[in-house]
Amino acid sequence: MSIWGRRLGVWGTVLRSLAGIALVLLVSAVARLGFGVNATTVGFAFLIVVLGLATAWGLHEAVVASVAAMLCFNFFFLPPVGLFTIADPQNWVALCAFLATALVASHLSNRAKMQAVEARERQQETERLYSFSRSILLTDTSQPVGQQAARFIAQTFECPAVALYDSAEGEVYRGGAGDLPAIDDQLKRVALDGVRTSDPSRLLMILPITLGGRPIGSVAMLGLCCSDGAMEALVNLVAIALERARSAEIASKAEAARQSEEFKSTLLDAIAHEFKTPLTSIKAASTSILSEPERVAPDIREFTEIIDEETDRLTLLVNEAVRMSQIEAGKVLVEKQAQHVPSFLAHVLSTFQSRLEGRTAVVEAADDLPPVRFDPDLISLALRQLIDNALKYSPPETPIRLTAAVAGGAMEIRVIDAGKGIPEKEREKVFQVYYRRNTSKGTVPGTGLGLHIAREILKAHNGSLHVEGAAGAGAEFCLRLPLEEARV
């Protein structure tokens, strides 16, 4: 409260006290001159006046009136009348009892009044908090929640000015008809320290907004007089509103990302199926031409063989695109078959003959390795992703090696290149969706999905996929299939 406010309060108490004294004198004059009542009746009248003053105005006014009533009772109604002395000792007892009764009654009446006032204030605070919480639940998602919360506080609690700082957004939002100039730095400091500050001369309160003991902002309110409990409830509601809006935004982004992924998978699947019809026609035409070599000129036959090979390659890519879209959509259907690993690796590697361009690519696996049960299409897709990576990220004159061996109760298949390798800190990141190393962006074609899909395929087989190799000495992708899955 300001100095002028305190002065006005003091002068109001003085004037009310003088009015109480005047009322006591009036009762004394009426009882003395008008009705000639006895001392007992006058004492009860004085008590009624004191209780009325305590109820209407407060304890200070009632105490002053009690003292004035005691003096008037002594002067006008206890013998010897007209003197501030008492002849009968029993009247001393009566006078002291009257004064004590008046003071105690004033105190009790004032306390009852204060409790009633406090109850009304608490009820008002509860109603305002309920109204504020209802407003928070109806926030408009098209506007910042901090801005709406500041406006709701100013409207609900009748604050001249409110400023709310949201740490996550780094913005200060304002509400109310007034303004709080130069408050931004204080808000940020309170949000950082988590300690409330106040300026009693301006009735300004700045409180931290915390959630789970972690400061997430702060709010400054001008002219708001509430209990500490109401203040705490208010900032908790603001914290819940901010976190609720943030959670809703995260959920909305996640849903949008999910729908985008689903749409992309559906579109890829549709495009891949659309490709199959013309590819089938091209393959049929090339096969028909190559089936009668004597009727085709040598140069046309050569071109037809290229068309036939590239059609096979494109068909394989389309089929892989369909499987990849299914894997991305979480629709992995594993159909396991017993496979001879060396022959299977040789077949997968043969699909890259047109891309090797003289590069050495070998399979190093003992012919007596036990058969393994897995889905040949899915594992072939995973291996093709790894081999494709090896071709992209290693020099063209270096070899590519595929090895297979039994180790630790599993069949280990490794794709080894002689490139620069992958640093230790990035060996898990490369399996994340859409992750690409900074050194390869813009220089090596790709989407960042191949390794993620390969690992998902291995997980569907209860296996694993990780990368090894010394830094600068090439990458070594290790594909593990449990041998218990290899029983036939």
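Values as computed for the structure displayed
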{"read-out": "Pick from the stretch 160-198, criterion open to solvent by 90 Å² or more (accessible area, probe 1.4 Å), of a type outside the set (A, V, I, L, M) and closer than 20 Å to PHE132 by Cβ, ranking: modelled with the highest pLDDT", "value": "ARG174"}
{"read-out": "CYS225, sole failed condition from (1) part of a helix (DSSP H, G or I); (2) modelled with pLDDT under 80; (3) open to solvent by 80 Å² or more (accessible area, probe 1.4 Å); (4) of a type outside the set (A, V, I, L, M)", "value": "(1)"}
{"read-out": "Only listed residue being farther than 25 Å from ARG373 by Cβ, out of contact with any helix residue (DSSP H, G or I) (no Cβ under 9 Å at 6 or more places or on another chain) and at pLDDT 70 or above, chosen from GLU412, GLU426", "value": "GLU426"}
{"read-out": "ARG355 vs. criteria open to solvent by 20 Å² or more (accessible area, probe 1.4 Å) and closer than 20 Å to GLU309 by Cβ", "value": "yes"}
{"read-out": "Selection count where residues are surrounded by 11 or more Cβ atoms within 10 Å (Cβ to Cβ) and either assigned to a strand (DSSP E or B) or of a type in the set (Lys, Arg) (or both), scope the stretch 228-260", "value": "2"}
{"read-out": "Criterion: under 23 Å from LEU83 (Cβ atoms), open to solvent by 70 Å² or more (accessible area, probe 1.4 Å) and in a helix (DSSP H, G or I) - qualifying residue of THR40, THR55", "value": "THR40"}
{"read-out": "Set GLY446, GLY442, GLY421, GLY472: member being open to solvent by less than 30 Å² (accessible area, probe 1.4 Å), outside any strand (DSSP E or B) and at pLDDT below 90", "value": "GLY421"}
{"read-out": "Pair list, Cβ under 8 Å, 6 or more apart: the stretch 212-238 residue β-branched (Val, Ile, Thr), other residue open to solvent by 40 Å² or more (accessible area, probe 1.4 Å)", "value": "ILE216/SER167; ILE216/ALA168; ILE216/THR210; ILE216/GLU243; VAL235/THR210"}
{"read-out": "Residue that is nearest to the chain's Cα centre (by Cα), among those in the stretch 358-374 that are at pLDDT below 90 and open to solvent by less than 30 Å² (accessible area, probe 1.4 Å)", "value": "ALA361"}
{"read-out": "Test: residue in the stretch 203-213 that is modelled with pLDDT of 75 or more, part of a helix (DSSP H, G or I) and either open to solvent by 70 Å² or more (accessible area, probe 1.4 Å) or closer than 15 Å to SER167 by Cα (or both)", "value": "no"}
{"read-out": "Single unsatisfied condition, ASN462 versus (1) at pLDDT below 85; (2) open to solvent by 20 Å² or more (accessible area, probe 1.4 Å); (3) outside any helix (DSSP H, G or I)", "value": "(1)"}
{"read-out": "In the stretch 355-411, the residues that are of a type in the set (A, V, I, L, M, F, W, C), part of a helix (DSSP H, G or I), under 22 Å from PRO482 (Cα atoms) and in contact with an Asp or Glu (Cβ under 8 Å, 6 or more places away or on another chain)", "value": "LEU381"}
{"read-out": "Sole exception among (1) at pLDDT 70 or above; (2) surrounded by 15 or more Cβ atoms within 10 Å (Cβ to Cβ); (3) closer than 28 Å to PHE374 by Cβ for SER265, by number", "value": "(1)"}
{"read-out": "Residues of the stretch 143-186 satisfying the condition of being under 14 Å from ILE206 (Cα atoms), out of contact with any strand residue (DSSP E or B) (no Cβ under 9 Å at 6 or more places or on another chain) and in a helix (DSSP H, G or I)", "value": "ASP185"}
{"read-out": "Residue among VAL104, VAL117, VAL145 that alone is over 37 Å from the mean Cα position of the chain (by Cα) and open to solvent by less than 60 Å² (accessible area, probe 1.4 Å)", "value": "VAL117"}
{"read-out": "Filter result (assigned to a strand (DSSP E or B) and either closer than 24 Å to ARG246 by Cα or in contact with a helix residue (DSSP H, G or I) (Cβ under 9 Å, 6 or more places away or on another chain) (or both)) within the stretch 187-202", "value": "THR197"}
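The values are calculated or read from the model by the stated rules, or taken from the named source; none is laboratory data. Fair warning: this is a prediction, and the values are worked out from it, not measured in the lab. FYI the Cβ positions are ideal-geometry reconstructions off the backbone, even for glycines, and counts take in every protein chain you see. The protein model used for the area step is the full one, side chains on, heavy atoms only, and it has no ligands, DNA or RNA in it. Shrake-Rupley method; radii C 1.70, N 1.55, O 1.52, S 1.80 Å.
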